[in-house]
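Asker: Quick one: this structure, given as structure tokens, is what I'll be asking you about.
The values are calculated or read from the model by the stated rules, or taken from the named source; none is laboratory data. The structure displayed is predicted, hence computed values, not measured ones. Please note: Cβ atoms are built from the backbone with ideal geometry, for glycine as well, and neighbour counts cover all protein chains shown.
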Amino acid sequence: MLVANTYSGHRVLFSHHHLFLDLMATTNNIPDLEFEPDVLSSEVLRHRPVYEGMTFPPAVRIEALKELKTFQIRPDDIFIVTFPKSGTHWVSEIVSLLLADGDLERVNRRTTLAHLEFALIDDVGKDGARYCYMYKMLQNADSPRVITSHLPYRFLPEQLDEKKPKIIYVARNPKDVFTSWFHFRKRDPRFGNLPWDEYFNGAISGKYVYGSWFDHVLEYWNKREKGNVLFVKYEDIKMNARETVVSVAKHLNLTPSDDVIDRVVHSSSLDEMKKMYQRLKTDNQGPFNNHYGNAYGSNSFVRKGKVGDWKNHFSVAENEEFDRVFQEKMKDSGLTFAFE
Ligand code: PPS
């Protein structure tokens, strides 16, 4: 087995997000990195795999999706599941801060840097890139593991039903999800410069990775009555972060003091998270911290953080079309969102 700190000097990258991770700094406390002996060609790395009717980012390999079904769940695992751009990093930070009693210095972001289904890939785009699966690293991680994923439920490990770990599903109004994603994609040259209107048509028809926003969100919405699933809305955190922090803590059977709650609310605000990612980059902390700093610049996962940014992109006609589709797909679900 090859351990992380034998890779000093290598550059490792998440191909989906095109994230460069320097493995130069100390790599203490990081689960073992076990790179596969075979290599990936640049062709594979451009390819978006399709599995059981769904398209995935290049860093998600079909064999991993198959193996994931038997991933061993621990009852104290905490899953954060989202459709992309819905607040994954925000809620990961809230959960991680709660686990660290609100102490920023003690926060463990090791397992939240990527999604369960992703592979770390070195030298993306070059023939001979090697890969190592996130879920294999998670197998060795300390408990409690905070595990993030964009997977629809049917792709998640089978043991979820039996072990019933806590799941937090984060949903965001889809107009802002697509707007956020549009900006994120713009930073990745492999997507080309897709103009907004073309992007909009693909997004509304569920053409991109992880499929239809509507299907994704409704699947988890319909599981919300199950005791282990907490359904959280991005806009609710924006409106009243404290209330969300309290309900997340309750869901995780944590009993933080008022002081801890205050610190969690403070440190998970947009401005504080921006500072935190910038600091991680400046401090050149281990690879898992550098993920944040090096991915598309220091503010990769903290951009505007607003409700209603879609208004800067949607035309009147697009908005009407979107509202029609939204009404149709969501009718009878009882699920509503704040759009501004
Ligand atoms: S990813 O790539 O799917 O994991 O992205 P994800 O983390 O789910 O979503 C990124 C968006 O979440 C916003 N964000 C926040 N908003 C408010 N407060 C805080 N603290 C916060 N942290 C992240 C981030 O800015 C992205 O949204 P946009 O609209 O692009 O700003």
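Asker: So residue 323 passes all but one of these: (1) at pLDDT 95 or above; (2) within 22 Å of the chain's Cα centre (by Cα); (3) of a type in the set (D, E, K, R). Which condition number does it fail?
Answerer: Exception for residue 323: condition (2).
Asker: Looking only at the stretch 152-184, which residues are surrounded by 22 or more Cβ atoms within 10 Å (Cβ to Cβ) and closer than 15 Å to residue 81 by Cβ?
Answerer: Scanning the stretch 152-184 gives 157, 167, 168, 169, 170, 171, 172, 177.
Asker: Hey, another quick one. Going residue by residue through the stretch 82-94, is there one that turns out to be at pLDDT below 90 and under 25 Å from residue 163 (Cβ atoms)?
Answerer: No, the stretch 82-94 has no match at all.
Asker: If I filter the stretch 50-61 for residues that are assigned to a helix (DSSP H, G or I) and at pLDDT below 95, do I get at least one hit?
Answerer: No, the stretch 50-61 contains no residue that is assigned to a helix (DSSP H, G or I) and at pLDDT below 95.
Asker: Can you give me the ranges of the strands (runs of 3 or more DSSP E) entirely in the stretch 68-145 with at least 3 residues that are touching a residue at least 40 places away in the same chain (Cβ under 8 Å) and within 13 Å of the ligand (Cβ to nearest atom)? Break it down into steps so the answer makes sense when it comes.
Answerer: Working: elements: 78-82, 119-122, 131-133.
Hits in the stretch 68-145: 78-82.
Asker: Additional query: Counting only residues that are in contact with a strand residue (DSSP E or B) (Cβ under 9 Å, 6 or more places away or on another chain) and on the phi > 0 side of the Ramachandran plot, which one in the stretch 185-237 is surrounded by the most Cβ atoms within 10 Å (Cβ to Cβ)?
Answerer: 210
Asker: Scan the stretch 245-264 residue by residue and report those that are β-branched (Val, Ile, Thr) and under 16 Å from residue 106 (Cα atoms).
Answerer: Residues satisfying the conditions are 260, 261, 264.
Asker: Could you grab me the full set of residues in the stretch 169-198 that are within 17 Å of residue 312 (Cα to Cα), touching a helix residue (DSSP H, G or I) at 6+ places or on another chain (Cβ under 8 Å), free of Cβ contacts under 8 Å to residues at least 60 places away in the same chain and within 14 Å of the ligand (Cβ to nearest atom)?
Answerer: Once the filter is applied, which keeps residues that are within 17 Å of residue 312 (Cα to Cα), touching a helix residue (DSSP H, G or I) at 6+ places or on another chain (Cβ under 8 Å), free of Cβ contacts under 8 Å to residues at least 60 places away in the same chain and within 14 Å of the ligand (Cβ to nearest atom), the stretch 169-198 yields only 185.
Asker: Could I ask something else about it? Of everything in the stretch 287-307, what is at pLDDT 85 or above, of a type outside the set (A, V, I, L, M, F, W, C) and touching a helix residue (DSSP H, G or I) at 6+ places or on another chain (Cβ under 7 Å)? Give them in sequence order.
Answerer: 303, 305
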